[in-house]
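Inspection log for the structure reproduced underneath, given as structure tokens.
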Amino acid sequence: MSIELAFLIIYFAAMAGIGVWAMKKGRSDSEGFLLAGRSLGPGVTALRLQSSSMSGYMFMGAGSLGYTQGYFGMWYALGDLGGGILNLSVLGRRMRKLSQILGSITSIEYLEHRYPSKWIRLIAAPVALFCMFFYVLAQFIAGGRGLEMVTGVSFPLALAIAIGVIVLYTFLGGYLAVAYTDFVQAIIMVVGMVWILVATLVEVGGFTAGNQAVGEINPNLLTMWGADLGFHGQWGVILGALLVFSIGYMGWPHVVVSHMAMKRPSVARTAGAYSLAFNLLFIPGPYLVGLFALILLPNLANPETAVFAVADAVLPTFAVGIVMAAIMAAIMSTADALLLQAGTIASQDIYARFINRKMTDAQMVKVSRITVLLLAAIGYAIAAFDPPAVAEIVIFSTTVLGSAFVPSYVCAVWWKKANAVGAISSMLAGTGASVAWQLSGLPSSTGIDPMVVGILSSVLGMVVGSLLTQRSHPVPERITRALDETAKVGPIPAKMLLGQDAFLAAQAEVAARSEG
């Protein structure tokens, strides 16, 4: 057995062990399974939020961008650097308070509670589920490619192993397992990436010497305009690159649920500091390693394997295993969050809301786990036989998620006039515009990124829809009272905590009247 494989086996066993520990430690009710009983501190909150948003893209897509387009990839990195602290600052404390006041335990349910209408969940749940499936598919492919390189086994077998480990600990421990495995994985990611970046810089003779060598290959790579300067003046594309990983992931349901699971609202401030520190250490690395791979591996057949290949070339054997664990950590920490949220949406936001309103906590967990298994099986079938490019899937799915949900999540806590009509208009406009723009080929002909079009359409839908329907669809008084309390610093008054059961009973009564 190789040292690399031994490290990975130890790593996989540790992640499964955390799942078993979480299963024994965690509460068995729905809030315990889906939000870890709202018990997480700043360190776990921050690193869980960051690691679940990084994904296999950082080790495959980012490395590929560095290898093929040089410093152009840094536009994505610049947006990503402040993404976590922006997310926690804008949404963290307020979303934590409002979600508990309204009795929300899923990020999609939270939207319906804030914008009371069954159409919110009927639209939001399928859109989120669709995007999450493709996003998790990208993680499966990245995980399979990584294991294939380390172990030498066939891609289908490597893919099956990667999916199996991810599903195991997600299946066992729910959000508590996902949160603590993501915390551990984030630390491994930072250690691995810093190690490989330092080793790469030593190998190329330092940062300045490395840049000089890259400039001799193609001086355009040292600009932020791409290998052929094709992005020069393309501010619509550049703005999209900055937005997708900065404000964009304020609209990712599997990420913003981190705010709802915090022990208390004040956790957000400290978590923001941890998040920024993590990003500064981690984010530039994959792009730079991909760039300097041009010097070390000039004839690399697949640019998406640049980080894997450089690690194998510049690190001692025992260190390759640690770095491979870091790469798998980036992949698995996003995949588990996506799978858990997908299962949550299927069980809580679709099945319990529209099919079986008397569903017990045990039934909810069962439906969630079945959904995880189904998505894993379908994902394996697609990835094993026709795997698409990881970067393309990630950017497409995250663009649609951000376009669909950013205004709805932000306005939920910051704008009292935001109502159900505005939220519905925003989600439909953002989703439709970003997908149509991408599929029509307009990004290349206009130089405007789908993220820009999607966000603008979504914001316009929210503002126009809300303002035009203030009289016909006023924001309920209980929501405005909750927003007044959400804006305050400090703990939630006991009288404001309605309780999940009481809220859902009232919600069911309202829904029954509206449907009657």
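Laboratory data are not the source of any read-out in this text; all were calculated from the coordinates shown. Just so you know, these numbers come straight off a predicted model, no measurement behind them. Reconstructed Cβ throughout: ideal geometry from the backbone, glycine too, with neighbour counts over all protein chains shown.
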Fill in: Cut-off under 5 Å, modelled amide H: who pairs with Gly37 long-range
Gly32
Worksheet item: What is the magnitude of the charge dipole of the chain about its Cα centre, with +1 placed on the Cβ of each Lys and Arg, -1 on the Cβ of each Asp and Glu, and no other charges, expressed in debye to the nearest 20?
Response: 2200 debye
Item to complete: Please name which of Pro265, Leu239, Asn211 has its Cα lying farthest along the dipole of the chain towards the positive end, using unit charges on Cβ (Lys, Arg +1; Asp, Glu -1) and the Cα centre as origin.
Response: Pro265
Worksheet item: To the nearest 10 degrees, how steep is helix 420-439 against the longest Cα principal axis of the chain, on a 0 to 90 scale?
Response: 30 degrees
Practice prompt. Counting helices only, and only those DSSP H runs with n ≥ 4, report the 222 nm mean residue ellipticity of the chain as the sum of -39,500 (n - 2.57) divided by its residues, in deg cm²/dmol to the nearest 500.
Written response: -24500 deg cm²/dmol
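Over the chain, what is the relative contact order in percent, taking alpha-carbon pairs closer than 8 angstrom and at least six residues apart?
30 percent
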Fill in: ³J(HN,Hα), Karplus 6.51/-1.76/1.60, whole Hz, each residue of region 137-143, x for Gly, Pro
4, 4, 5, 4, 4, 4, x
Fill in: Mean separation of Cα contacts under 8 Å (6+ apart) over length of region 178-334, as relative contact order %
49 percent
Worksheet item: Ordered by packing density, taken as the mean number of other Cβ atoms within 10 Å over each peptide's residues, highest first, how do 247-254, 452-459 rank?
Response: 247-254, 452-459
Response to the item:
In this structure, the FRET efficiency calculated for Phe385 and Lys495 from their beta-carbon separation, with R0 = 51 Å, to the nearest 0.05, is 0.35
Practice prompt. Work out the FRET efficiency for Val194 and Ile9 from their Cβ-Cβ distance, taking R0 = 25 Å, and round it to the nearest 0.05.
Written response: 0.60
Worksheet item: With a sphere of radius 14 Å drawn around the Cβ of Ser246, what net charge do the other residues whose Cβ falls strictly inside it have (Lys, Arg +1; Asp, Glu -1)?
Response: -2
Worksheet entry | Label-point separation, Glu477 to Ser266 (7 Å along Cα→Cβ), nm | 3.3 nm
Practice prompt. Report the extension gain between Ile378 and Gln470 in nm, rounded to one decimal, defined as 0.36 nm multiplied by the number of residues separating them, less their alpha carbon distance.
Written response: 28.8 nm
Item to complete: Quickly rank 9-18, 237-246, 330-339 as a protection proxy: mean count of other C-beta atoms within 10 Å, highest first.
Response: 330-339, 237-246, 9-18
Discussion item. Taking the 0 to 90 degree range and rounding to the nearest ten, how far is the long axis of helix 390-414 tilted relative to the main principal axis of the chain, both from C-alpha atoms?
Written reply: 30 degrees
Practice prompt. Could you sort 121-128, 277-284 so that the peptide with the highest average Cβ count within 10 Å comes first and the rest follow in order?
Written response: 121-128, 277-284
Discussion item. How big is the dipole moment of region 302-418 about its Cα centre under a simple scheme where the beta carbon of each Lys and Arg is +1, that of each Asp and Glu is -1, and everything else is neutral? Debye, nearest 20, please.
Written reply: 840 debye
Worksheet item: At a Förster distance of 25 Å, what's the computed FRET efficiency of Asn302 paired with Gln212, Cβ-Cβ distance as r, to 0.05?
Response: 0.45
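Pairs Lys263/Lys358; Lys366/Lys488; Lys358/Lys488: which are spaced more than 32 Å apart, C-alpha to C-alpha? Please list the in-between numbers first.
Details: Lys263/Lys358 28 Å; Lys366/Lys488 38 Å; Lys358/Lys488 35 Å.
Over 32 Å apart, Cα to Cα: Lys366/Lys488; Lys358/Lys488.
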